[in-house]
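Only the coordinates and a few stated rules stand behind these numbers; no lab work does. Only a predicted model underlies this, so the values are computations on that prediction, with no experimental measurement involved. Here Cβ is always computed from backbone atoms with ideal geometry, including for glycine, and neighbour counts include all displayed protein chains.
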């Protein structure tokens, strides 16, 4: 370059070039496209600069006159007073070398700054986790001074600002993070929280909707955030309505206000406060009254009332009778305040340590506290009926301790056992429940669960609900494996199954059996538990007996399914069941053409025919061959696969193959092999074809007529690969 200013101008573009290079290596297609366009633009500008430099050179040093008129040599530079310059600028190699060195130096500086910024950020994270949000924000600010294009630093500081209630500053940080990276999910999440803090509900929802578009897999979490916004919006509207009703002179809301004022007196005996809370319960009957209760400090009594806060924070065994009564009255008052009012639920469970104290009262071993435990169980049951209440229970309470406590109360009679069962059932609706139950499950929950299965409950009405909840829990592999490993759980299930098999005729017995069989099906899902083996035969015999006694098809189906889950994995049990004529029963079932019963029945038959010649003979003798062939036409591929497997076992007898010659079985099987969706089903059908052709050559001739060998060759080659 001829002029040092040109070089300086050129070097000033290094930042742009570095940004383009970073963009070209980005993982996002849109970002790479934008970087490519910028690169093309820069190259065009550089080319133009180069051409301009060449033109300037030609003007300063014109080509010599070759006309031959004047041969004199004149030193043009002698009349040039400007400083000497490098002719034609530095070489391309020298320039690129300088550019690379500059980029390397910048890279080293950035790497150093990034390292320092990350170290500072981690200090901020530590402070944030400890609740020191101001210090955390300060550390994040120091990190940002080191590196100004790191989205995590801005979103972390925004999160700290939200915790501090500095919502405007949080919004600014979110805006900077979005400028750095347009699709920054966390920026939109914290932006939504900041707008929520500012009560700009529409803007908050809009931010969350943008986050949902960026990452649709986070839909459930984002839906929870949006629900939080709608709750705040609804609460604000309710407060405005309640305040208007109160100011209009409404007697009920006025009474609530007066009762709270009296409760806030500091010089009254405990019995006075008990009476006031009992009165308050009678007036907390609609949304306006419950909202006025919150607006006038009713929820704050838990932490500000000198007597109530002391009693609630005490252990149950040190409370005097009048103090126990006060805690009961408080539990009843807050139960009434939380009905159909999720904002009250949210705020009462956010009172420091209150959920811990509730769990403490429910777990107390001191006698004479039945009314106290009943009141707080009713309180938990009320909360568990609402989404916000369930979420607060999950967040603020230790799940393994709570569930253990619930199982202990389920063994009792009366309302407390019903409410305990309902709390467990309601909590099981939440996806996070099982994950939060895993820590401490084996140590705290499993012992109480074993006792419940072995000894039952004084309130049998709750059994179907409790067993359904346990079935839900067994959907989690960790929890299921822990239960399966306990012999007492299997013993308890077997004992309960036998007991209620005798009570199948009444509605409660039927519901209990249906729920218990569902639990057993989940426990038998993996078939890996060693402890279950000694109970397999007992379970199968009881289920066969139950099938013949019970007339409810839903119970019959589950009883057969339990047998069907055991037999394929236990040869010894299968042989024993065959000796008890189960095959004859199963043939009757598939001949009845009841689809719900046929599916588990044919699975049982496939297990029997695999290990027992007696079972194979029984099927042929009891005219089961035809119904099995018809099942090959079923729309359920699992039924088809098991029917084909049964027939393959039967086809080892050549007389069976001969009986099937006049049927169109080969064609049906070829269609399944060609069009089937399940590899196992295709293989079972191919095996049956092979056995039929070996048992009678007429099947082989039919196979050739249908070009079946080519079909088998092509399809099964594909299946194996």
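From the alpha carbon gyration tensor of segment 266-344, can you work out the equivalent ellipsoid semi-axes (sqrt of 5 times each eigenvalue) and give them in Å, largest to smallest?
Values for segment 266-344, descending: 22, 12, 12 Å.
Rounded to the nearest 0.05, what FRET efficiency do residue 251 and residue 487 give with R0 = 60 Å and r taken as the Cβ-Cβ distance? Could you check?
0.40
Starting with the highest mean, order 420-427, 591-598 by the number of other Cβ atoms within 10 Å, averaged over the residues of each peptide.
So the order, starting with the most tightly packed, is 420-427, 591-598.
For 490, 176, which order do you get if you count the other beta carbons within 10 Å of each Cβ and list the fewest first?
Fewest to most other Cβ atoms nearby, the residues stand as 176, 490.
Which distance in nm do the two modelled labels at residue 661 and residue 109 give, with both placed 7 Å along the Cα-to-Cβ direction?
Taking the two extended label points, one gets 9.5 nm.
Could you tell me the center-to-center distance, by alpha carbons, between segment 577-655 and segment 667-708 in angstrom?
When both Cα centres are located, 18 Å separates them.
Among 361-373, 330-342, what's the highest-first ranking by average C-beta atoms within 10 angstrom per residue? Don't skip to the end; give the middle numbers.
Details: 361-373: 15.6, 330-342: 22.2.
Going from most to least packed, we get 330-342, 361-373.
Which value in nm describes the separation of the simple spin-label points at residue 549 and residue 636, placed 7 Å from the Cα toward the beta carbon?
Taking the simple label geometry, residue 549 and residue 636 are separated by 2.6 nm.
What is the gain in length, in nm to one decimal, between residue 265 and residue 395 on full extension, counting 0.36 nm per residue of separation less the C-alpha to C-alpha distance?
Roughly 43.5 nm would be gained on extension.
Quick one: grab the alpha carbon gyration tensor of segment 251-397, order the square roots of its eigenvalues as a ≥ b ≥ c, and give me rounded if a/c is under 1.5, else prolate or oblate depending on whether a/b is larger than b/c. Walk me through the intermediate numbers first.
Details: a/c = 1.72, a/b = 1.09, b/c = 1.58.
Oblate, because a/c is 1.5 or more while a/b does not exceed b/c.
For the pair residue 710/residue 320, report the inter-label distance in nm, with labels modelled 7 Å from Cα in the Cβ direction.
9.9 nm
How long are the semi-axes of the equivalent ellipsoid of segment 149-248, defined as square roots of 5 times the Cα gyration tensor eigenvalues? Whole Å, largest first.
28, 16, 9
Could you list the residues of segment 430-470 with an amide nitrogen less than 12 Å from a label point located 7 Å from the Cα of residue 365 in the Cα-to-C-beta direction?
In segment 430-470, the label zone of residue 365 (backbone N under 12 Å from the point 7 Å along Cα→Cβ) covers no residue.
What is the extension gain from residue 698 to residue 581, computed as 0.36 nm multiplied by their sequence separation minus the C-alpha to C-alpha distance, in nm to one decimal?
Length difference between fully extended and current span is 38.7 nm.
Below 8 Å between Cα atoms, with a sequence gap of 6+, how large is the relative contact order for segment 251-397 in percent?
24 percent
Sort segment 500-614 into rounded, prolate or oblate with this rule: let a ≥ b ≥ c be the square roots of the eigenvalues of the Cα gyration tensor; rounded if a/c is under 1.5, and if a/c is not under 1.5, prolate when a/b is larger than b/c, oblate otherwise.
The shape class here is oblate.
In nm, what is the difference between 0.36 nm times the number of residues separating residue 282 and residue 461 and their Cα-Cα distance? All intermediate terms of the calculation are to be shown ahead of the outcome.
On the way: separation 179, 0.36 × 179 = 64.44 nm, distance 3.03 nm.
Length gained between residue 282 and residue 461: 61.4 nm.
Rounded, prolate or oblate, given the Cα gyration tensor of segment 391-534, with a/c below 1.5 counting as rounded?
Because a/c hits 1.5 or more and a/b fails to exceed b/c, segment 391-534 counts as oblate.
Please state, as a whole number in µm²/s, the translational diffusion coefficient that the Stokes-Einstein equation yields for segment 551-655 at 37 °C and 0.692 mPa s, with Rh defined as the Kirkwood radius across alpha carbon pairs.
The estimated diffusion coefficient comes to 246 µm²/s.
Please report the spacing between the Cα centers of segment 260-317 and segment 357-408 in Å, no decimals.
Comparing the Cα centres of segment 260-317 and segment 357-408, I get a distance of 20 Å.
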